[in-house]
Amino acid sequence: MKIICIGRNYADHVQELANEKPDSPVIFLKPDSALLAKKQPFFIPPFTNEVHHELELVIKINRLGKFITQKFAHKYYDQIGLGLDLTARDLQNELKSKGLPWEKAKAFDGAAVVGHKWMDKQKFDLNNLNFQLNKNGQVVQQGNTSLMLWKIDELIAYVSTFFTLKIGDLIFTGTPAGVGKISEGDYLEAFLESEKLLDLKIR
Ligand code: ZN
């Protein structure tokens with residue numbers, strides 16, 4: 001499986017990192033080795049002093065597809081969940097300033113965290129979905145899918161013009177504002193509406 005991530009999909013987050021608003025979705029990949037094993041804590045790696053949390057709605061692909069049209073994109077997923085696109089921000093800023101690819105900052109082991117629980121998409125209005133990240137009991141990120149620059153079905157159509165989507169692939173749909181540093185000892189919890197789908201200890 002592969003993990004496809006969308007960058008700069010919420011205007012408020014584009015502003016907080018002083019990025020330019022893109023004309024088309026920003027895409028990057030994480031390898032399957034980036035996926036943090038279930039129920040494991042995240043260990044801050046030695047090559048960074050600034051790992052940021054990015055809470056994102058995650059789509060699980062359930063059919064093989066290429067050149068999927070927006071109209072039929074909804075047939076390619078049933079389940080939604082939450083994930084953390086963990087980012088070595090110090091390293092990413094350095095790479096960005098040199099115009100280099102982001103992989104070292106985004107695709108390292110454990111940099112993709114998905115929740116323990118997935119939800120049936122039918123239960124929700126996908127265009128008005130609240131999600132939230134708490135750090136040590138305090139709210140640090142709040143998002144609503146109505147604020148996405150590109151909606152889920154648009155993302156699936158766009159992404160599939162470049163990459164064949166396979167069963168089990170994950171699409172991280174971008175983070176809203178409020179990204180911030182995590183430190184040893186932190187405890188993260190993520191909620192989709194009122195349902196807790198993810199928790200993570202930082203070591
Ligand atoms: Zn992200």
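Remarks
- Screening Leu95 with (1) touching a helix residue (DSSP H, G or I) at 6+ places or on another chain (Cβ under 7 Å); (2) in contact (Cβ under 8 Å) with a residue 40 or more places away in the chain; (3) over 22 Å from Asp12 (Cβ atoms) gives one miss only, at (2).
- Test: Asp32 is within 14 Å of the ligand (Cβ to nearest atom), surrounded by fewer than 16 Cβ atoms within 10 Å (Cβ to Cβ) and of a type outside the set (Ser, Thr, Tyr): no
- Residue in the stretch 85-93 that is at pLDDT 95 or above and under 21 Å from Ser146 (Cα atoms) present: yes
- Within the stretch 178-195, the set of residues being farther than 26 Å from Pro46 by Cα and within 16 Å of the chain's Cα centre (by Cα) comprises Phe191, Leu192.
- Residues that are in a loop (DSSP other than H, G, I, E, B) and within 12 Å of the ligand (Cβ to nearest atom), drawn from the stretch 159-176: Thr173, Gly174, Thr175, Pro176
- Conditions (1) surrounded by fewer than 16 Cβ atoms within 10 Å (Cβ to Cβ); (2) among the hydrophobic types (A, V, I, L, M, F, W, C); (3) touching a strand residue (DSSP E or B) at 6+ places or on another chain (Cβ under 8 Å): number failed by Ala112: (1)
- Residue in the stretch 71-91 that is in a helix (DSSP H, G or I), within 15 Å of the ligand (Cβ to nearest atom) and either more than 30 Å from Glu193 (Cα to Cα) or out of contact with any strand residue (DSSP E or B) (no Cβ under 7 Å at 6 or more places or on another chain) (or both) present: yes
- Leu95 meets each of the listed conditions (1) within 16 Å of the ligand (Cβ to nearest atom); (2) under 26 Å from Asp153 (Cα atoms) apart from (2).
- Among the candidates Lys96, Lys106, Lys117, the residue that is closer than 19 Å to Ile6 by Cβ and touching a strand residue (DSSP E or B) at 6+ places or on another chain (Cβ under 9 Å) is uniquely Lys106.
The values are calculated or read from the model by the stated rules, or taken from the named source; none is laboratory data. Predicted, not measured: the structure shown is a model, and the values here were computed from it. Cβ coordinates were reconstructed from backbone atoms using ideal geometry, including for glycine residues, and neighbour counts include every protein chain displayed.
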